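Accompanying notes for the structure given below.
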Amino acid sequence: MFEPAGLVDLLAQVLRCREPRALLEALTIDEEGACGFPAGRTFLYMRGDAGLHRHPAESDDDCDHLLDAVHDALRTGRRTLLNAAGWQTHVLPLSCEGPPWGALAVALDGGSGDGAWRDRPEALDVLAECCARALSAHAGGTGHADGAAHAGCAAHTDGPAHTDGPAHTDGPAHADGTRLDEAAQAAQAGVFAWDFTADNVYWDERTCAIYGVDPATFDGKGETFFALLYPDDVPVLQAAIARVTEEVVTAQARGAAEEAGRYHLGYRVRHADGSVHSVAEFGRVILDDQGRPARALGLVMETGAEHDRSPRGSVSADSSRDSFLFTLTRALSQAITVQDVTRVMTQLARPALGAENLVLGIEEAGRLTIVGETAVAPSLSHLRGPAHTVMAMAALQEQALFIEDLSRHTGPELAELAATGDVPPRSWVVLSLGSTDHITGACLIAFAGPRKFDSGERTFYTAVAVILTQSLERALLFDTEHQRATDLQEAMLPRHLPTLDSLKVHSRYLPGTQGMHIGGDWYDLLPLRDGTAALVIGDVQGHDAHASAVMGQLRVALRACAEAGLPPGALLGQVNRVLCDLDTDRFATCTYLVLDPKAGTLLGARAGHLHPLRIQRGVVSEVVLTGGPPLGVDPAAVFPTATTAVAGDEALVLFTDGLVERRDADIDVCVRNMIDDIHRWGNLSEQEVDLGELVEFLAGRDAPERIDDVALLAVQRVAGAGA
């Protein structure tokens, strides 16, 4: 179940709040201290015409570090964490239909009921979603503070917090909140949260009443919900859930997740007394930080038959299953790797089918290798071995295996179950993946409790096996080709950079997060005969084996020119002509620097590449090089050489655009954001930059959003090198 205790009740209170003061009152610790946060360390920040407004204003417990964390949350749209004075403050961005318009800061100290929040920090994301929805109608529905201070808030500009607003008294906004609460009670609307990862659902008392369940005995399992559905509506809900989940994942991939994931469903549930009730469900599928469907959150209410807006209509079970198969096919068509296929099956298919667990395995060298498996409850861990055995046996046959009651099954394929202990009543669908001439693998879908599989369901799962087999075979072929391309790229990149007594050097290569995950990015460090060192960073157009091959050719040409002692501008001119003569239809960007570690002089030239950065105590700036066009575009292009000085404790960072580039953002803005992040990283004004820690920070920055591969090279003169 979702921790902390009382979370659902807290969410219900939050969703009925319509102004900041009421929201903060709902969030702060109650008399028992069971499910709230410290009143003096819980703040709400909202954008306004005059700047960032804080609620409440009367507290002066604020600091620049907290404001920095708030600005980070507003800029990135992600939860940020601040550790100070023994407190752990989580800053949660608030948004509805667009970028964050506010943030909630809550502090934990490990005591008085907040340990559960520490153990399950994802509960804070659920809380933030509810807060954003509650306040989305505040001040005209924009979620902004509407310029003037509201509810005793303070406006933050460039200075410290101040309290220029009067204390809020009970007024119309508070009365509106009361009326909305009364309206929700009159409508008998309930709150729910469905955690896809753990397959747990969380209902308040109203929701339990709508579904005809005793809150004291509700087990919080997703399958309990599916068991309550009117039988004819099960495939309809399965198809609808799959469609909405697939839509929000697709929207995330194109950078429009804020516009997707919202849904309205209508269906029927059957109570224990046999009565059938129509239900309307309004919710949203929410993604986690990795872009995976994490949970659904929303409201349910009972409706009369005349108001039933169910998606059922005249839709039959067979047509609903066809709709599910269409959604699954579309999702799997976008799955490139075996990992992608596994993700679709575990994060889309399993929740939509109402299954408790799903296991996927592929055949490798005559053995079944498990490539994807959802979490199994400790009480069921003894079934994993028999499950894998059954999958290995199923992989050898050409039809699915349907086990309707595991506790009563006596077939030879489960002979080892007798030695595992008690076998709970469960049902398994084991799909054989492959064709008559080869074996691809197997997939096991497990349901809690026994169930009958009629002919329609058996045909449906057989179709799932065919679709899954085709997608898995395509993904296996891609993974094989990708491994070959990766091996080629690794052969092209330097295995080790030379060790120089006069320089500290750190480098990193990171594959992209989409497609082939490879490209033409590279770095190099070349000791030159006169005691100087050449620093190289480059990026060949494309993300395939061809890009890696061109990158290898450029590295060879560039090293040859460097050994000849050509100055940076002349060297890039020569390499440019080489690439033009290769006629590869590819261009490349590159920066070539020559650093004298003793004298501290730096010569450099640039071909369409991003400027390097220089980092010194408290100062981060670009090494501005006039530059020329990318290599391979114009054989007559000229690349000017610039000269500058490098201080003894100054770090130079060369990088490719994959380190900073983000969807739907200008590259200059992205570089500026990275510079701001470096400023906030550590305390650069008080200590010398640690090169290794800097590279680790940059390499891990916003990694889930990276869409391109990355090459990163950082150098720093060794103290005393110029003596």
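The values are calculated or read from the model by the stated rules, or taken from the named source; none is laboratory data. Everything numeric in this text was worked out from a predicted model, so none of it was measured. Backbone-built Cβ (ideal geometry, glycine too); neighbour counts: all protein chains shown. SASA here: full protein model, heavy atoms, side chains in, ligands and nucleic acids out. Shrake-Rupley method; radii C 1.70, N 1.55, O 1.52, S 1.80 Å.
Just name the residue that is nearest to residue 125 (Cα to Cα) out of those in the stretch 283-318 that are at pLDDT below 65 and polar (S, T, N, Q).
Out of the qualifying residues, it is 310.
Limited to the stretch 436-469, what total is found for residues that are touching a residue at least 60 places away in the same chain (Cβ under 8 Å), polar (S, T, N, Q) and part of a helix (DSSP H, G or I)?
Here the count works out to 1.
Can you say whether residue 549 is open to solvent by 10 Å² or more (accessible area, probe 1.4 Å), in contact with a helix residue (DSSP H, G or I) (Cβ under 8 Å, 6 or more places away or on another chain), at pLDDT 90 or above and not in a strand (DSSP E or B), as far as the supplied structure shows?
When the stated conditions are applied, residue 549 does not pass them.
Taking the stated definitions as given, is residue 538 under 40 Å from the mean Cα position of the chain (by Cα), under 27 Å from residue 487 (Cβ atoms) and small (Gly, Ala, Ser)?
Yes, satisfied.
In the stretch 82-97, is there at least one residue being closer than 20 Å to residue 676 by Cα, outside any strand (DSSP E or B), modelled with pLDDT under 85 and open to solvent by 10 Å² or more (accessible area, probe 1.4 Å)?
The answer is no, given that none of the residues of the stretch 82-97 is closer than 20 Å to residue 676 by Cα, outside any strand (DSSP E or B), modelled with pLDDT under 85 and open to solvent by 10 Å² or more (accessible area, probe 1.4 Å).
With the condition kept exactly as written, say whether any residue in the stretch 526-546 is part of a helix (DSSP H, G or I) and more than 12 Å from residue 713 (Cβ to Cβ).
Within the stretch 526-546, one or more residues are part of a helix (DSSP H, G or I) and more than 12 Å from residue 713 (Cβ to Cβ).
Kindly indicate which of 219, 214 is of a type outside the set (Gly, Ala, Ser), within 27 Å of residue 288 (Cβ to Cβ), modelled with pLDDT of 80 or more and surrounded by fewer than 16 Cβ atoms within 10 Å (Cβ to Cβ).
219
So which of 343, 408, 350, 321 ends up being among the charged types (D, E, K, R), over 26 Å from residue 269 (Cα atoms) and crowded, with 17+ Cβ neighbours inside 10 Å?
That would be 343, the only listed residue that is among the charged types (D, E, K, R), over 26 Å from residue 269 (Cα atoms) and crowded, with 17+ Cβ neighbours inside 10 Å.
Scan the stretch 496-512 and tell me whether some residue there is of a type in the set (Asp, Glu), surrounded by fewer than 17 Cβ atoms within 10 Å (Cβ to Cβ) and part of a helix (DSSP H, G or I).
no
Enumerate the pairs (first residue in the stretch 627-652 and over 13 Å from residue 606 (Cα atoms) and in contact (Cβ under 8 Å) with a residue 40 or more places away in the chain; second residue anywhere and of a type outside the set (Ser, Thr, Tyr) and in a loop (DSSP other than H, G, I, E, B)) with beta-carbon separation below 6 Å, excluding pairs fewer than 6 apart on the same chain, so at least 6 apart or on different chains.
632/587; 633/587; 645/600; 646/600; 649/688; 651/689; 652/612
Taking the conditions exactly as written (at pLDDT below 80, out of contact with any Lys or Arg (no Cβ under 7 Å at 6 or more places or on another chain), of a type in the set (A, V, I, L, M) and buried (at least 17 other Cβ atoms within 10 Å of the Cβ)), does residue 155 satisfy them or not?
Yes.
Just for the stretch 628-658: of the residues that are among the β-branched types (Val, Ile, Thr) and in a loop (DSSP other than H, G, I, E, B), which one is surrounded by the most Cβ atoms within 10 Å (Cβ to Cβ)?
Applying the filter and picking the extreme gives 656.
In this structure, is residue 63 surrounded by fewer than 17 Cβ atoms within 10 Å (Cβ to Cβ), modelled with pLDDT under 70 and not small (Gly, Ala, Ser)?
Spelling it out, residue 63 is indeed surrounded by fewer than 17 Cβ atoms within 10 Å (Cβ to Cβ), modelled with pLDDT under 70 and not small (Gly, Ala, Ser).
Go through (1) in contact with a helix residue (DSSP H, G or I) (Cβ under 7 Å, 6 or more places away or on another chain); (2) open to solvent by 10 Å² or more (accessible area, probe 1.4 Å) one by one and return the number of the condition residue 604 breaks.
Failed condition: (2).
For residue 267, only one of the following conditions fails: (1) open to solvent by 40 Å² or more (accessible area, probe 1.4 Å); (2) at pLDDT 85 or above; (3) of a type in the set (Phe, Trp, Tyr). What is its number?
Condition (1) is where residue 267 drops out.
One line per residue, one yes/no per condition, for (1) over 19 Å from residue 356 (Cβ atoms); (2) open to solvent by less than 20 Å² (accessible area, probe 1.4 Å); (3) modelled with pLDDT under 80:
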position	(1), (2), (3)
191	yes, yes, no
195	no, yes, no
202	no, yes, no
233	yes, yes, no
243	yes, no, no
247	yes, no, yes
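Considering only the stretch 670-687, state which residues are surrounded by fewer than 15 Cβ atoms within 10 Å (Cβ to Cβ) and at pLDDT below 85.
Listed by number, the residues that qualify are 680, 682, 683, 685, 686, 687.
Could you grab me the full set of residues in the stretch 432-460 that are aromatic (Phe, Trp, Tyr) and either in contact with an Asp or Glu (Cβ under 8 Å, 6 or more places away or on another chain) or open to solvent by 70 Å² or more (accessible area, probe 1.4 Å) (or both)?
The answer is 447, 453.
Within the stretch 41-50, is even one residue at pLDDT below 80, open to solvent by less than 40 Å² (accessible area, probe 1.4 Å) and in a strand (DSSP E or B)?
Within the stretch 41-50 (the criterion being at pLDDT below 80, open to solvent by less than 40 Å² (accessible area, probe 1.4 Å) and in a strand (DSSP E or B)), the answer is yes, since at least one residue qualifies.
Keeping to the stretch 462-474, report how many residues are in contact with a strand residue (DSSP E or B) (Cβ under 9 Å, 6 or more places away or on another chain) and surrounded by 20 or more Cβ atoms within 10 Å (Cβ to Cβ).
4
Which of the residues spanning the stretch 617-627 are open to solvent by less than 20 Å² (accessible area, probe 1.4 Å) and in a strand (DSSP E or B)?
Once the filter is applied, which keeps residues that are open to solvent by less than 20 Å² (accessible area, probe 1.4 Å) and in a strand (DSSP E or B), the stretch 617-627 yields only 620.
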